[in-house]
């Protein structure tokens, strides 16, 4: 009797166990089964979100940066016009050493014992000058003498006695005797002086005869008076002739004793002559006395640069203050010549023939301004600029005025009643 109930309980327990296991298997299997829509949703990329950066407050500076080679500025060949010499153009002294400096108003060479004085000017010395000469070369000479403080009188295109006196002072400052006039001219001066002396003597004699006639109480002294008048006229003519002769015999400026170079001082790069040799063409080549760095830029960059702009040279990590000297077209590119404001002897040695980094600030903001990355800017349908600002999960379009752009950032100012502040998150991508 008791055995049957136990067997029945065992069967029920077994059935219940199988049911539980089957339920677990069913649940597990059901968790692995999904619809195609569910599968696509699970494998799709996440919903795109905005990439933002904060609005910054910073100073912006636009600059041109490049590398350039250092060299001595503006090499030129120097020639001496020796056609006016009566003797072979033998070099007799003052041969400069390479690396020395040609200074304005000083002798850069001696030929046949006479100096060749260097002066700054663009018009070459193509003829000898003397009192009575006229032309643009005379004007250039007088402008130079005036600039050197040698007082040529009225600065014009006529070589007069004031010019002669200034030329004498030029030679005196250079340590040489001034050139002498042609012997024929000095002889004419001597002859004119003798004529003046003779005219004075004739006048004295005529005056003495007139006095004697008057003392004798002659009734008619018209003859004697006429002789005095004639003698006075002859003396005036003789004095005028003497003045003219002295004018022509004023200090000249021989063509072989002056060389014009566009700018001075300059550094001697190469010497083509030697003492005892003769001059034939170029006597030396010279460049600027100061080192400059020349970098090449494109036309767009060149338009933003001009002479006088501040610059800096990176010399072994040290920033050397400099200025833009000039910007000149060179083929399809432009040469920007930058000169250091000053150099120590060690810096000069390091910079010579070096290739250095040059930075030229073109424009900068007046202090710190609101700035956003260029990627944050977009254009409206009317072409106006704007930025997208993420506020409380929403994107606001803020119209802005764009200012200076530099280093990947742009200066922005909100328009009208629009608000934009440092730290606002602007959208730069998604």
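Within the chain, antiparallel bridges make up roughly 95 percent of the DSSP beta bridges whose residues both belong there.
Between rounded, prolate and oblate, where does the range 155-311 land on the alpha carbon gyration tensor, with a ≥ b ≥ c its root eigenvalues, rounded for a/c under 1.5, else prolate if a/b exceeds b/c? Verdict is prolate for the range 155-311. Across the range 131-241, the fraction of Cα-Cα pairs farther apart than 16 Å, rounded to a whole number, is 70%. When you restrict to C-alpha pairs under 8 Å that are six or more residues apart and normalise by the size of the range 183-248, the relative contact order lands at 53 percent. For the range 298-402, relative contact order (Cα pairs under 8 Å, six or more residues apart, normalised by length) works out to 19 percent.
Working note: 222 nm ellipticity from helices only, DSSP H runs with n ≥ 4, each -39,500 (n - 2.57), summed and divided by the residues of the chain, gives -10500 deg cm²/dmol to the nearest 500. For the options 415, 248, 217, a Gaussian network treatment of the chain with springs between C-alpha atoms closer than 10 Å singles out 217 as fluctuating the most. Remark: C-alpha extents of the range 257-306 on the principal axes read 53, 19, 19 Å, sorted largest to smallest.
Note on the range 56-131: Cα-Cα pairs beyond 14 Å make up 75% of the total pair count. Taken as Cα centroids, the range 247-310 and the range 64-131 sit 8 Å apart, rounded to the nearest whole angstrom. Can you tell which of 391, 325, 304 shows the greatest fluctuation in a Gaussian network model of the chain with Cα springs below 10 Å? Maximum fluctuation in the GNM of the chain, among the listed residues, is at 391.
For the range 233-336, the average shadow cast by the Cα convex hull is 14.8 nm², which is a quarter of the hull's surface.
Sequence-distant contacts, meaning Cα pairs under 8 Å at least 6 residues apart, place the relative contact order of the chain at 25 percent. Need one word for the range 389-430: rounded, prolate or oblate. Basis is the Cα gyration tensor (sqrt eigenvalues a ≥ b ≥ c); a/c below 1.5 gives rounded, then a/b vs b/c decides. Oblate shape, in that a/c is at least 1.5 and b/c is the bigger or equal ratio. The packing ranking of peptides 108-117, 196-205, highest mean first, is 108-117, 196-205, where packing means the average number of other beta carbon atoms within 10 angstrom of each residue. Computed over the chain with a Gaussian network model linking Cα atoms closer than 10 Å, the most mobile of 238, 310, 213 is 213. Rounded, prolate or oblate, given the Cα gyration tensor of the range 183-248, with a/c below 1.5 counting as rounded? The shape class here is prolate. Eigen-decomposition of the gyration tensor built on the alpha-carbon atoms of the chain gives equivalent ellipsoid semi-axes of 102, 29, 14 angstrom, largest listed first. A straight line joining the Cα centroids of the range 166-221 and the range 369-425 runs 92 Å.
Nearest 10 degrees, 0 to 90: what angle lies between the long axis of helix 161-174 and the longest principal axis of the chain (Cα atoms)? Approximately 60 degrees, to the nearest 10. In plain terms, if you count all Cα to Cα distances in the range 277-329 and split them into 10 Å steps from zero, the share in each step is 17, 38, 23, 13, 8, 0 percent.
Here, each number is a calculation from the coordinates, and none is a lab measurement. In this text the structure is predicted, and so the values were computed from the model without any measurement. Here the Cβ is made from the backbone with ideal geometry for all residues, glycine too, and neighbour counts use every protein chain on show.
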